[in-house]
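The next block holds one structure in the form of structure tokens; read it before the comments.
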Amino acid sequence: MKTHVLVRWGELFLKSPQVKKHMQLLLSNNIRKKLIRNGVEPKLNLTRDRIIIESDNAGEAAAYASEVFGVQSTSPAVKIPADKENVLAETAE
């Protein structure tokens, strides 16, 4: 199972839609470059209000991404199906 990192940015909600989209793309490109430069192979997914990083090492990816200017916080996460058994099994680990 792949591990993920949720990346939150600060203050982009104040920008116009065009500027916001441009800044999101700049931020995701800067994160991608930082991770690749440090040996972490990422897959980035840009959502409406977050960047989601897929990587085999969520801890390293979160640490490096948090150093990029514009990132407010990072949180390692695991993607699991949304049913009770899977949630209970994953939280028990």
Quiz item: Does Ser66 qualify as being at pLDDT 90 or above and closer than 11 Å to His4 by Cα?
Solution: no
Practice problem: Select from the range 80-90 the residues that are within 21 Å of the chain's Cα centre (by Cα) and loosely packed, with under 12 Cβ neighbours inside 10 Å and list them in ascending order. | Solution: Pro81, Ala82
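What residue, of Leu35, Leu27, is farther than 16 Å from Ser73 by Cβ, touching a Phe, Trp or Tyr at 6+ places or on another chain (Cβ under 8 Å) and surrounded by 15 or more Cβ atoms within 10 Å (Cβ to Cβ)? It would help to see each step written out before you state the result.
Values: Leu27 fails: farther than 16 Å from Ser73 by Cβ.
Residue meeting the stated conditions: Leu35.
Let's see how each residue does on (1) modelled with pLDDT of 90 or more; (2) under 21 Å from Ile80 (Cβ atoms); (3) in contact with a helix residue (DSSP H, G or I) (Cβ under 7 Å, 6 or more places away or on another chain):
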| position | (1), (2), (3) |
| --- | --- |
| His4 | yes, yes, yes |
| His22 | yes, no, no |
| Leu27 | yes, no, no |
| Gly39 | yes, no, no |
| Lys43 | yes, yes, no |
| Arg48 | no, no, no |
| Glu54 | yes, yes, no |
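Under the condition of being touching a residue at least 60 places away in the same chain (Cβ under 8 Å), of a type in the set (Ser, Thr, Tyr) and touching a helix residue (DSSP H, G or I) at 6+ places or on another chain (Cβ under 8 Å), which residue from the range 56-79 is surrounded by the fewest Cβ atoms within 10 Å (Cβ to Cβ)?
Filtering the range 56-79 down to residues touching a residue at least 60 places away in the same chain (Cβ under 8 Å) leaves 65, 70-79.
Now narrow it down to the ones that are of a type in the set (Ser, Thr, Tyr): 73-75.
Now drop any that are not touching a helix residue (DSSP H, G or I) at 6+ places or on another chain (Cβ under 8 Å), which leaves 74-75.
Numbers: Thr74: 22, Ser75: 13.
By that ranking, first place goes to Ser75.
The values are calculated or read from the model by the stated rules, or taken from the named source; none is laboratory data. Nothing here was measured: the structure is a model prediction, and the numbers come from that model. So basically every Cβ, Gly included, is an ideal-geometry build from the backbone, and we count neighbours across all protein chains shown.
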